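K.L.:
Supplied in structure tokens, the structure appears directly below.
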Amino acid sequence: MHEQAQALNAFDLGAIVFVAAAVLGTFNHHVLKLPHVIGLTVMGAIASIGLLLANAFIPAVTLDDNVRALLEQMNFTETLLQGMLSFLLFAGALHVNLDDLKKDWFPVLMLSTVGVIISTVLIGVMMWAIGTALGASMAPIWYFVFGALISPTDPVSVLGVLREENVPGRLQAIVAGESLFNDGVGIVVFTILLGAALTGQDFSLLEGAHMFVVEAGGGILVGFIVGWLGYRAMRSMDDYALEVTISLAVVMGGYALCSAVHVSGPLAMAVAGLLIGNHGVTYAMSDTTRDYVIKFWELIDEMLNSALFLLIGLEMIVIVAGLQHAAFGLLAVPAVLLARALSVSLSTRAVPAAKPQAPGSWQVLVWGGLRGGISIALVLSLPVGPTRDLLLAATFAAVLFSVLVQRATLGRMIERRQEREEDPDDVPETLH
């Protein structure tokens, strides 16, 4: 079986993932009745744990090895960062209102840049203290590498909740805007710190800042150029099939170009999606074309979401079980939450103009700082060894808590806030 898994081609691997997502999604819909992505993540995790237990108690059962071989061949990091992410970010950005985003552009800028850097440092320091207390033999730089890979919020999870709830447009633009742009920033920061960790050289702030400006600025520029070209092409015609193809070309061609010139593809897709989703939808599309383009990308988003969260659950099979790993993972959850709260506060309140004006934004930004596939992809890209095993445990703990607890309760938290805002009598007595 192992040899057969190694012989599977890309189509076979994709077929396995989508058939599994369809079957488990149907089971969840009729039996578990959990929110779709939460249900797929739970069942993927249960399947992984079940395979590990079966192998532990029945050594002759080697299904876990077969599944692990399939996952290695799929290469989650490559699949997400060089494939799925470009589609997911573009699809998410299509639904962000640029006018609302312009009103709070400075808070979004601070959250997606300064906020990511502050979070990286805070998580690095806290995990360094936790690792030292647990006796982990890890160079200090690796704690900050973990801080960088876990700091970006996941636009896939965040945008999914925002679409389900009746969130005010301005607040939705802030949360969605930050999650779209901090992915690109977080990946750049991660790349810089990982380079320092692998080479063993001292981290150079000047060199890191230069790389950051080149990769982030280059990604934004490429995104604007390909998005504008796509917009102009769409405006010159009224052919929904061809215009859907043009939107695909913007995503696939733009992301491939970013990879070739070594600039940030995620930032490019966020910019291109904003441009097409606002100016393109308003000025370049007929009603028929607009309907086809939006529904096409909604379907792409839903299908890739299903595959992504199923794979997140299944990837638990690569975790090394141990008391130190479990403790490190469990303690990572409060550290990540605390760092999120502090980074949001510091990046939005240090400068008066950076404070979001939308009511309830602080609570939604903190609890809505969901982690997901990007963090998993980045940690799986680390060199195999004891350091990777510890960081894997911490990453999966933070991501699973984010998906199963934060995402599951975020919608209700937003509803409670809206109910309090709509009920003028629901205020503390001390305010009367």
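The values are calculated or read from the model by the stated rules, or taken from the named source; none is laboratory data. If you're wondering where the values come from, they're calculated on a predicted model, not measured in any experiment. Cβ sites come from the backbone with ideal geometry, for glycine too, and all protein chains shown count toward neighbours. These accessible areas exclude ligands, DNA and RNA; they are computed on the full protein's heavy atoms, side chains included. Shrake-Rupley method; radii C 1.70, N 1.55, O 1.52, S 1.80 Å.
K.L.:
By the gyration tensor of its Cα atoms, with a ≥ b ≥ c the square roots of the eigenvalues, what is the shape of region 28-99: rounded for a/c under 1.5, prolate for a/b over b/c, or oblate?
P.N.:
Oblate.
K.L.:
If eta is 0.890 mPa s and T is 25 °C, what Stokes-Einstein diffusion coefficient results for region 175-214, Kirkwood Rh from Cα pairs, in µm²/s?
P.N.:
For these conditions, the coefficient is 225 µm²/s.
K.L.:
Which FRET efficiency, nearest 0.05, do Ala209 and Phe57 yield, Cβ-Cβ r, R0 51 Å?
P.N.:
Rounded to the nearest 0.05, the efficiency is 0.45.
K.L.:
Expressed as a whole percentage, what fraction of the accessible surface of the chain belongs to carbon and sulfur atoms when a 1.4 Å probe is rolled over the protein heavy atoms?
P.N.:
Ligands and nucleic acids excluded, carbon and sulfur give 66 percent.
K.L.:
If you build the Cα gyration tensor of region 179-316 and take the root of 5 times each eigenvalue, what three semi-axes come out, in whole angstrom, biggest first?
P.N.:
33, 20, 10
K.L.:
What lysines could a cross-link reach from Lys33, if we take a straight Cα to Cα line under 30 Å and drop same-chain neighbours fewer than 8 places away?
P.N.:
Of all the lysines, those that pass the test against Lys33 - Cα under 30 Å, at least 8 places apart if same chain - are Lys295.
K.L.:
222 nm [θ] for the chain, helices only, -39500 (n - 2.57) per DSSP H run of 4+, per residue, to 500?
P.N.:
Result for the chain: -24500 deg cm²/dmol, rounded to the nearest 500.
K.L.:
From the Cα gyration tensor of region 147-219, with a ≥ b ≥ c the square roots of its eigenvalues, which class applies: rounded if a/c is under 1.5, or else prolate if a/b is larger than b/c, or else oblate?
P.N.:
prolate
K.L.:
Now, a different point. Could you do me a favour and compute the accessible area per residue for the chain, 1.4 Å probe, result in Å²?
P.N.:
Computed with neighbouring chains in place, this is 45 Å² per residue.
K.L.:
Taking the Cα atoms of region 205-281, report the difference between the largest and smallest coordinate on each principal axis, in whole Å and largest first.
P.N.:
50, 21, 14
K.L.:
Using Cα pairs under 8 angstrom and six or more residues apart, how large is the relative contact order of the chain, in percent?
P.N.:
Relative CO of the chain lands at 26 percent.
K.L.:
Once you treat every alpha carbon in region 283-424 as an equal point and sum by Debye, what is log10 I(q)/I(0) at q = 0.14, 0.15, 0.16, 0.22 Å⁻¹?
P.N.:
Those come out to -0.89, -0.96, -1.02, -1.25, one per q.
K.L.:
So, one more: Compute the Rg to Rh ratio over the chain from the alpha carbon atoms, using the Kirkwood formula for Rh, and round to two decimal places.
P.N.:
Answer for the chain: 0.97.
K.L.:
Can you give the three extents of the C-alpha atoms in region 1-126 along their principal axes, from longest to shortest, in whole Å?
P.N.:
60, 39, 32
K.L.:
Ranked highest first by the average count of other Cβ atoms within 10 Å around their residues, in what order do 148-159, 116-127, 288-299 fall?
P.N.:
Descending mean neighbour count gives 148-159, 116-127, 288-299.
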